[in-house]
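K.L.:
The structure under discussion is supplied below as structure tokens; questions concerning it will follow.
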Amino acid sequence: MDVPLFATSLAPYHDRMSEAVDRVARSGRYILGPEVEAFESELAAYLGVRHVVGVANGTDALTIALRALGVGPGDEVVMPSFTFYATAEAAIVAGAKPVFCDIDPHTFCVTPETVKAALTPRTKAIVPVHLFGNVAPVRELREFGVPVVEDAAQAAGADLGGVKAGALADAATFSFFPSKNLPCLGDGGAVATGDAEVAERARLLRFHGSKDKKTFTDVGYNSRLDEMQAAVLRVLLPELDGWNERRRAAAEAYERLGLGDHAALPRPVEGARHVYHLYVVRAESLPVGRGYYRVPVHRQPAIAVDVDLPGTEEAARTNFALPMGTDMDAGLVGEVIAACASGST
Ligand SMILES: Cc1ncc(COP(=O)(O)O)c(C=O)c1O
């Protein structure tokens, strides 16, 4: 099968992205200038949040969001182990201890029950991950009375009951890594929040802990979104909803054309509009696809904690990401299903 796992091409946007890059190259403003400011307002308007702070990548976005909410040494952060390693790494860089909770293998997301089981008096934040483009049940998680930071790296444009992922909690973080639903041409990320003080602290932390470049009140990071990436993101953000519609259409085609005969299909969390960053099914074996997070974070050598997470282990063992992207059509979907069928007989 030669259908790529990420079936998305930016070719139709090359000219407009080049014009945007050219505009920045000629402007003489390369760091924290008008493009970043404009992108921050445009993304905030799209998400329906008050503040967006552009940063260098999605990992820094999480570290900065956690620190902006006051998370630090001695604090625990509850999060899934079935996620990209960066979710836990970011909390450790902030000085905190990740405490891993289980997931529902049908949705690949945490549940109120799994999070509740991991809460302790030292819990300072909960980080639900909107994995593969699903949306974790954030509303129920907020009822625990602990700050919630959505890791929305994989879920740009998804929503839960009409509220965008990224606008559901105390803060949220995004990655614009090139394979993400909203990509840039390198690394980029953002923190979104409705809280002016959290936004202000995130701005400070992304620039070495300084407001005015003269007085340094915190030890922060050099973690800025640059003008070229912001200019590219301004070209691509208006395309996001259309792209996500195409991803959803491909997911519907997988279901309609019978993939469910060969594998357990991904299940949106109740009320969620999934954006299928990845289309991940579960099966004992499949002749196509790629397994994600086969060694979940709690079993990685740098972390290695002894915790019983049966849903996580099942998801890690049985998941297969199948081709998905903005350029999938029913023909490609049919080819993938035919390949699955040939291997399952
Ligand atoms: C769930 C999740 N969290 C965090 C990150 C980190 O983002 P970045 O690669 O931009 O640092 C990623 C992506 O790579 C991710 O998939």
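K.L.:
Grab every C-alpha pair in the chain, bin the distances at 10 angstrom width from 0 up to the longest one, and report whole percents.
P.N.:
Taking all Cα pairs of the chain, the binned fractions are 6, 26, 33, 24, 10, 1, 0 percent.
K.L.:
Spin-label point model (7 Å from Cα, Cβ direction): what's the ILE92 to ASP329 distance in nm?
P.N.:
4.6 nm
K.L.:
Report the dimensions of the range 7-118 along its three principal axes from the alpha-carbon atoms, largest first, rounded to Å.
P.N.:
Sorted from largest, the Cα extents of the range 7-118 read 53, 35, 25 Å.
K.L.:
Follow-up. Using the crude model of +1 on Lys and Arg Cβ and -1 on Asp and Glu Cβ, and no other charge, please compute the dipole size for the chain relative to its Cα centre, in debye to 20. Display every interim value, and only then the final one.
P.N.:
Working: 33 positive and 44 negative charges, 137 e Å.
Result for the chain is approximately 660 debye, rounded to the nearest 20.
K.L.:
Please find the FRET efficiency linking ARG139 to VAL305, where r is the Cβ-Cβ separation and R0 is fixed at 45 Å, and quote it to the nearest 0.05.
P.N.:
0.95
K.L.:
State to the nearest 20 debye the size of the charge dipole of the range 259-317 about its Cα centre, where the only charges are +1 on K and R beta carbons and -1 on D and E beta carbons.
P.N.:
The calculation lands at about 260 debye.
K.L.:
Quick one: which of LYS180/LYS214; LYS164/LYS214; LYS97/LYS180 span more than 32 angstrom between C-alpha atoms?
P.N.:
Working: LYS180/LYS214 36 Å; LYS164/LYS214 37 Å; LYS97/LYS180 27 Å.
Result: LYS180/LYS214; LYS164/LYS214 exceed 32 Å.
K.L.:
Please report the projected area of the range 190-264's Cα convex hull averaged over all directions, in nm². Provide the component values of the computation, followed by the final result.
P.N.:
On the way: hull surface 34.3 nm².
Result: a mean projected hull area of 8.6 nm².
K.L.:
A further question on this structure: Using a 1.4 Å probe over the heavy atoms of the protein chains, calculate the carbon and sulfur portion of the accessible area of the chain as a whole percent.
P.N.:
Answer for the chain is 51 percent, counting heavy atoms of protein chains only.
K.L.:
Place a point 7 Å from the Cα of ALA341 along the Cα-to-Cβ direction; which residues of the range 313-334 have their backbone N under 11 Å from it?
P.N.:
Label zone hits: 334.
K.L.:
Could you give the distance between the Cα centres of the range 191-223 and the range 126-159, to the whole Å?
P.N.:
23 Å
K.L.:
Under 5 Å between amide hydrogens, which residues at least 5 positions from THR123 or on another chain qualify, with H placed 1.01 Å from N in the peptide plane?
P.N.:
Those qualifying (amide H under 5 Å, at least 5 residues apart or on another chain) are GLU76.
K.L.:
May I pose another question? Using only the heavy atoms of the protein chains and a 1.4 Å probe, how would GLU40, GLU252, GLU270, GLU245 rank by accessible area, largest first?
P.N.:
Sorted by accessible area, descending: GLU270, GLU252, GLU245, GLU40.
K.L.:
Give the peptides 274-287, 180-193 in descending order of average Cβ contacts within 10 Å, highest first.
P.N.:
Going by the mean number of other Cβ atoms within 10 Å, highest first, we get 180-193, 274-287.
K.L.:
Kindly identify the range 214-345 as rounded, prolate or oblate by the Cα gyration tensor criterion: order the square roots of the eigenvalues as a ≥ b ≥ c, call it rounded if a/c is under 1.5, otherwise compare a/b with b/c, prolate if a/b is larger, else oblate.
P.N.:
Note, shape of the range 214-345 comes out oblate.
K.L.:
What does the extension gain come out to for ARG23 and ARG248, with contour length at 0.36 nm per residue minus their alpha carbon separation? Show your work: numbers first, answer last.
P.N.:
On the way: separation 225, 0.36 × 225 = 81.00 nm, distance 3.39 nm.
This chain segment gains 77.6 nm when fully extended.
K.L.:
SER179 versus ASP212, label points 7 Å from Cα toward the beta carbon: distance in nm?
P.N.:
Taking the two extended label points, one gets 4.5 nm.
K.L.:
How far is the Cα center of the range 2-58 from the Cα center of the range 310-335, in Å?
P.N.:
Cα centroid to Cα centroid, the span is 28 Å.
K.L.:
Straight-line reach from LYS211: which aspartates and glutamates have Cα under 15 Å away, leaving out those fewer than 8 places along the same chain?
P.N.:
Result set, ordered by chain and number: GLU197, GLU200.
K.L.:
Could you check the simple spin-label distance between GLU37 and LEU257, using points 7 Å along Cα→Cβ, in nm with one decimal?
P.N.:
So the two model labels end up 4.8 nm from each other.
K.L.:
Rank by packing, highest mean first: peptides 132-142, 147-157, with packing defined as the count of other Cβ atoms within 10 Å averaged across residues.
P.N.:
147-157, 132-142
K.L.:
Tell me the volume per residue, in Å³, of the convex hull enclosing the alpha carbons of the range 138-182.
P.N.:
Hull volume over Cα atoms, normalised by residue count, gives 57 Å³.
K.L.:
At 37 °C and 0.692 mPa s, what whole-number value in µm²/s does Stokes-Einstein give for the translational diffusion of the range 72-150, with Rh from the Kirkwood sum over Cα pairs?
P.N.:
Working: Rh = 12.3 Å.
Estimated via Stokes-Einstein, D reaches 268 µm²/s.
K.L.:
Can I ask one more? Taking +1 at the Cβ of each Lys and Arg and -1 at the Cβ of each Asp and Glu, which of ALA7, PRO301, LEU259 sits farthest along the dipole of the chain towards its positive end, judged by Cα position relative to the Cα centre?
P.N.:
Going by the Cα projections, it comes out as PRO301.
K.L.:
If you place +1 on the Cβ of every Lys and Arg, -1 on the Cβ of every Asp and Glu, and leave all else neutral, what size is the dipole of the range 223-345 about its Cα centre, to the nearest 20 Debye?
P.N.:
Result for the range 223-345 is approximately 120 debye, rounded to the nearest 20.
The values are calculated or read from the model by the stated rules, or taken from the named source; none is laboratory data. Remember, predicted model here, so these are calculated numbers, not experimental data. Neighbour counts are summed over all protein chains in view; Cβ atoms, including those assigned to glycine, are modelled from backbone coordinates with ideal geometry. Accessible surface areas use protein heavy atoms only, side chains included; no ligands, DNA or RNA. Shrake-Rupley method; radii C 1.70, N 1.55, O 1.52, S 1.80 Å.
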